[in-house]
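The values are calculated or read from the model by the stated rules, or taken from the named source; none is laboratory data. For clarity, every value in this text was computed on a predicted model and none was experimentally measured. All Cβ positions, even for glycine, are placed from backbone atoms using ideal geometry, and neighbour counts span all protein chains on display.
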Amino acid sequence: MSYSAGIIAAIANLKDHTGSSSIAIKKTMQASMPKDKKWMNATFLAALKKMVADGTLVQNNASYKLSPKKKEETAPPEERVPMLGEDQSASSSSIPKPVSRHGRKKAADDAREEHTKAMNDNLRLMTMSMVSITNSMILRQISRCENERFELELTLLNVNKDDNKRLELIQKRIAEINSTIQSFRQMNEYY
């Protein structure tokens, strides 16, 4: 689809009687554009200017709308009212109704709500991974402290019983390690 055809389709879809801004036209076109196609802003702006110069579009300040001539060309055929006695089920039920401003606003609100939900899910996953990392770090520290305590207890067995100062230092360090291990276990329960 060319940029000029996309601009006409976007303005027709927006259905703004005062005209559509170039930003609204651009967003509508980008939403309907294939993912593999690259957006060329310079081409878009050049197409807008060319269409205004050709008379396809009417520019009013920063808004663009279809010229009366182009509006007649792109307008859908008039809907025929069924006569009395004719089958009325086939008259207008197959023609989709245009999306009102309220419908576009609801769609935008739904998209915003979906985005917020996705962000909350991502945040929840990040929090869970941080808690998991914290738990593994705490368990690693507990293991390190228990190893140090075990080595000190072995040293305590090999120390001469007459060396009271060294015995006191080792017992004091073992008591510190026990309190550290207890603190880490409390943290692990918290997380």
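Is one or more of the residues making up the stretch 39-50 part of a loop (DSSP other than H, G, I, E, B) and modelled with pLDDT under 85?
First pass over the stretch 39-50, keeping only residues part of a loop (DSSP other than H, G, I, E, B): 39-40.
Subset that is modelled with pLDDT under 85: 39.
Yes, there is a match, as at least one residue in the stretch 39-50 is part of a loop (DSSP other than H, G, I, E, B) and modelled with pLDDT under 85.
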What tally of residues in the stretch 127-165 results from selecting those that are farther than 14 Å from Asn188 by Cβ and of a type in the set (Gly, Ala, Ser)?
1
Which listed residue is surrounded by fewer than 12 Cβ atoms within 10 Å (Cβ to Cβ) and under 30 Å from Ala31 (Cα atoms), from Lys117, Lys161, Lys172
Lys117
In the stretch 12-62, residue surrounded by the most Cβ atoms within 10 Å (Cβ to Cβ) [restricted to those that are farther than 22 Å from Ala108 by Cβ and of a type in the set (Ser, Thr, Tyr)]
Thr56
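A quick yes/no check of all residues on (1) modelled with pLDDT of 85 or more; (2) not aliphatic (A, V, I, L, M):
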{"residue": "Asn61", "(1), (2)": "no, yes"}
{"residue": "Lys70", "(1), (2)": "no, yes"}
{"residue": "Val99", "(1), (2)": "no, no"}
{"residue": "Lys117", "(1), (2)": "yes, yes"}
Check whether at least one residue in the stretch 175-185 is surrounded by fewer than 14 Cβ atoms within 10 Å (Cβ to Cβ), part of a loop (DSSP other than H, G, I, E, B) and basic (Lys, Arg), and report yes or no.
no
Answer from Met130, Met126, Met137 - the residue that is without any contact (Cβ under 8 Å) to a residue 60 or more places away in the chain and loosely packed, with under 11 Cβ neighbours inside 10 Å
Met126
Of everything in the stretch 23-38, what is assigned to a helix (DSSP H, G or I) and in contact with a Phe, Trp or Tyr (Cβ under 8 Å, 6 or more places away or on another chain)? Give them in sequence order.
Ile25, Lys26, Met29, Gln30
For the stretch 164-171, state whether one or more residues are in contact with an Asp or Glu (Cβ under 9 Å, 6 or more places away or on another chain) and part of a helix (DSSP H, G or I).
yes
